[in-house]
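The values are calculated or read from the model by the stated rules, or taken from the named source; none is laboratory data. Only a predicted model underlies this, so the values are computations on that prediction, with no experimental measurement involved. As a convention, Cβ positions derive from the backbone with ideal geometry for all residues, glycine included, and neighbour counts pool all protein chains shown. Each accessible area value is taken on the protein alone, full model and side chains, heavy atoms only, with ligands, DNA and RNA left out. Shrake-Rupley method; radii C 1.70, N 1.55, O 1.52, S 1.80 Å.
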Amino acid sequence: MSLSSNCFDAPQDSTCNLAKLQRLSLDDKILYSTVKIREFYIAMKGQVYVSFSGGKDSTVLLHLVRALYPDVPAVFVDTGLEFPEIREHVKTIENVTWLKPEMSFKRVIEERGYPVIGKEMAHWIDLAQRGQPSGIRQMSMDTRYGGKRYEYLVDAPFKVSRDCCDIMKKRPAKRYHKETGRCPFIGIRADESLLRKEVFGEKGENQFDTAIPKSSPLMIWTDEDVWNYIKRYDLPYASVYDMGYERTGCIFCMFGITQDRGRFLKLKATHPKQWAYCMKDKQEGGLGLRQVLDHMGIPTGCGQTNLIQWEGSDEISSH
């Protein structure tokens, strides 16, 4: 499929859906994204930056943007929750501004609650835990979007919240925008979640009607496209991907844990120090994730010597 087709103007053209755009060749996707980058850069009069997480997607995005505009700065939010390999990769990139959140993750989980399940569900659990009727009603609904299957978390001996990402990542970025006037390029893809597909369908890559305009030029890219681009241009990337990790978000986050039940078993095998810290009780200076995961029936790796002991075990396969 060529970009000479009507699909170049998606999603405004209703005949061109995301699936068609995702079937474009890598060369066409590079051209497509280049157009989106130029459009946003010109509209913002060059007052832009690349939101750089150190992951593979933002590494590709930074390369694309700087191929057009070499002086565009990158911004990395140093939450303290990144894999050490991610931090080391970020250190190798020029013109990166490091930001710090005002609260530590430990303080966030103590004051707000733990990030579990997903952002939307954590929000409803939080409301229900605080006795809000809307949250209680949502958690009692036995539907696709209801929370009945997670209703047991309402009375859990720990708080649940979706606030972590907002406090640790979004607030520092908003502060940077306020101080500099720069607006972000963000390396997210539509195939990463249903919500992002919906956002793409409604608003496309470049959003100018939000409080802070933003551009997501990689929306139509797939995971395979990202890796093919990295191979084509021989881009350095964080070595944590070579350890079997497909995503490299915050180490201690428990969003998506019910679909990725072995996450902390892998962490124990690859990063035992970080694993021990997050499993240790809060009273002993840790993060107390063991209590949370035990309550949810998710394997923690506590009492086991390595990941191999868990592979194919009844504890994983029976859930």
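Quick notes
- In summary, Asp234 fulfils each of the numbered conditions (1) modelled with pLDDT of 95 or more; (2) open to solvent by less than 40 Å² (accessible area, probe 1.4 Å); (3) of a type outside the set (Gly, Ala, Ser) with the single exception of condition (2).
- Residues that are farther than 17 Å from Glu82 by Cβ and not acidic (Asp, Glu) were ranked within segment 273-284; the one that is surrounded by the fewest Cβ atoms within 10 Å (Cβ to Cβ) is Gln283.
- Contacts under 6 angstrom Cβ, first residue in segment 142-155 being under 16 Å from Gly118 (Cβ atoms), partner in a loop (DSSP other than H, G, I, E, B) and open to solvent by 90 Å² or more (accessible area, probe 1.4 Å), 6 or more apart: Lys148/Asp142
- Scanning segment 25-68 for residues that are part of a loop (DSSP other than H, G, I, E, B), open to solvent by less than 50 Å² (accessible area, probe 1.4 Å) and either over 26 Å from Thr248 (Cα atoms) or without any contact (Cβ under 8 Å) to a residue 24 or more places away in the chain (or both) yields Met44, Gly46.
- Residue within segment 181-190 that is part of a helix (DSSP H, G or I) and in contact (Cβ under 8 Å) with a residue 60 or more places away in the chain present: yes
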